[in-house]
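Below: one structure, written as structure tokens.
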Amino acid sequence: MSSKAVAVMASGRGTNLKVLLEAVAAGICPVDVRLVISDRADAEALNIARAAGLAGVLFINPKEYSDRATFDAACAEAIDAAACQWIVLAGYMRILSSSFVRRFHGRIINIHPSILPAFPGAKAVESAIEYGVKVSGCTIHLVDEVLDGGPILSQAFVPVFDDDTRETLHARIQKEEHKLYPATLKRMVEDGFSITGRRVIWKKHQDAGNRP
Ligand code: GRF
């Protein structure tokens with residue numbers, strides 16, 4: 001199995017998938033996106049994957065499975081058949097079953113639109129505004145069995161303005177997501193990391209030689 005082989009799971013607009021595929025095509029991000037899976041037939045992410053000419057583009061219909069675990073097992077089989085090392089969640093709106101998370105332990109990555117551990121869950125952007133934080137952003141983390149709770153790989157910050165709406169703040173956060181996901185995946189396959197407790201320790205320090 002190639003350490004660069006990636007499966008992307010996405011349910012929605014797929015802008016993170018789009019910038020990732022662009023970064024791969026431009027030679028900026030050295031991953032091999034072998035498979036894109038969606039749980040929604042109308043997900044724009046599927047069109048983006050097809051337009052990019054990917055061979056592995058799958059809609060797996062949750063309605064054809066009796067429960068979450070059997071649906072996830074079908075996804076897992078496709079991921080293993082494509083020999084993907086990493087599973088990259090990019091706006092994937094289903095909670096993963098414990099069996100899926102255990103099967104791919106330490107190999108599932110998610111992006112979340114808040115500075116975790118603040119505001120986990122599906123309403124992260126509006127919760128940040130309602131709470132009144134002045135800074136928010138996005139977090140890329142490993143997935144474990146706690147929702148949005150796994151070890152943190154990287155984060156980026158944005159200001160929150162007084163007149164922000166969910167849409168304006170999310171748009172500002174997404175600009176950062178679109179830089180951070182390809183950059184983090186590049187680091188992951190080129191440098192690698194280890195885990196100490198719940199800390200991700202990158203094998204090469206990005207800011208080495210540039211610290212105060
Ligand atoms: C992103 O904001 C991500 O943080 C969250 O879902 C959104 C997906 O956006 N998990 P897109 O479908 O990639 O545009």
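The values are calculated or read from the model by the stated rules, or taken from the named source; none is laboratory data. Predicted, not measured: the structure shown is a model, and the values here were computed from it. With ideal geometry, Cβ positions are generated from the backbone for all residues, glycine too; neighbour counts draw on all protein chains shown.
Considering only residues that are in contact with a helix residue (DSSP H, G or I) (Cβ under 7 Å, 6 or more places away or on another chain), within 15 Å of the ligand (Cβ to nearest atom) and not β-branched (Val, Ile, Thr), which ones fall in the range 33-48?
Looking only at the range 33-48, we keep the residues that are in contact with a helix residue (DSSP H, G or I) (Cβ under 7 Å, 6 or more places away or on another chain), and these are 33, 35-39, 45, 48.
Subset that is within 15 Å of the ligand (Cβ to nearest atom): 33, 36-39, 45, 48.
Answer for the range 33-48, where residues must be in contact with a helix residue (DSSP H, G or I) (Cβ under 7 Å, 6 or more places away or on another chain), within 15 Å of the ligand (Cβ to nearest atom) and not β-branched (Val, Ile, Thr): 38, 39, 45.
If you check 111, 201, 195, 115, which single one turns out to be outside any strand (DSSP E or B) and of a type in the set (A, V, I, L, M)? Don't jump to the end; show me each part of the working.
On the way: 111 fails: outside any strand (DSSP E or B); 201 fails: outside any strand (DSSP E or B); 195 fails: outside any strand (DSSP E or B).
Selected residue: 115, the only one of 111, 201, 195, 115 that is outside any strand (DSSP E or B) and of a type in the set (A, V, I, L, M).
Provide a single number: the residues in the range 168-186 that are away from the ligand (no atom under 12 Å from the Cβ) and surrounded by fewer than 19 Cβ atoms within 10 Å (Cβ to Cβ).
Matching residues across the range 168-186 total 4.
Going by the structure shown, is residue 147 closer than 22 Å to residue 100 by Cβ, modelled with pLDDT under 95 and either within 12 Å of the ligand (Cβ to nearest atom) or in contact with a Ser or Thr (Cβ under 9 Å, 6 or more places away or on another chain) (or both)?
yes
(1) within 16 Å of the ligand (Cβ to nearest atom); (2) surrounded by fewer than 17 Cβ atoms within 10 Å (Cβ to Cβ); (3) polar (S, T, N, Q): which one isn't true of residue 11, the others all being true?
Unmet for residue 11, out of (1) within 16 Å of the ligand (Cβ to nearest atom); (2) surrounded by fewer than 17 Cβ atoms within 10 Å (Cβ to Cβ); (3) polar (S, T, N, Q): (2).
Restricting to the range 119-144, what's the tally of residues that are away from the ligand (no atom under 14 Å from the Cβ), at negative phi and outside any strand (DSSP E or B)?
The number of residues fulfilling the criteria is 6.
Of the residues 62, 30, which single one is over 18 Å from the mean Cα position of the chain (by Cα) and either at pLDDT 95 or above or away from the ligand (no atom under 15 Å from the Cβ) (or both)?
The match here is 62.
Under 16 Å from the mean Cα position of the chain (by Cα) and either in a loop (DSSP other than H, G, I, E, B) or among the charged types (D, E, K, R) (or both), is that true of residue 11?
The answer is yes for residue 11.
Looking at the range 155-165, is at least one residue touching a strand residue (DSSP E or B) at 6+ places or on another chain (Cβ under 9 Å), free of Cβ contacts under 8 Å to residues at least 60 places away in the same chain, under 19 Å from residue 4 (Cα atoms) and not in a loop (DSSP other than H, G, I, E, B)?
No.
Failed condition for residue 1, given (1) of a type in the set (A, V, I, L, M, F, W, C); (2) modelled with pLDDT of 95 or more; (3) out of contact with any Pro (no Cβ under 7 Å at 6 or more places or on another chain), with all others met?
(2)
Of everything in the range 55-107 that's outside any helix (DSSP H, G or I) and among the β-branched types (Val, Ile, Thr), which residue is surrounded by the most Cβ atoms within 10 Å (Cβ to Cβ)?
88
Out of all the residues in the range 108-128, which are touching a Lys or Arg at 6+ places or on another chain (Cβ under 8 Å) and surrounded by fewer than 20 Cβ atoms within 10 Å (Cβ to Cβ)?
So the first thing to find is which residues in the range 108-128 are touching a Lys or Arg at 6+ places or on another chain (Cβ under 8 Å), and the list is 125-126.
Of everything in the range 108-128, just one residue is touching a Lys or Arg at 6+ places or on another chain (Cβ under 8 Å) and surrounded by fewer than 20 Cβ atoms within 10 Å (Cβ to Cβ), namely 126.
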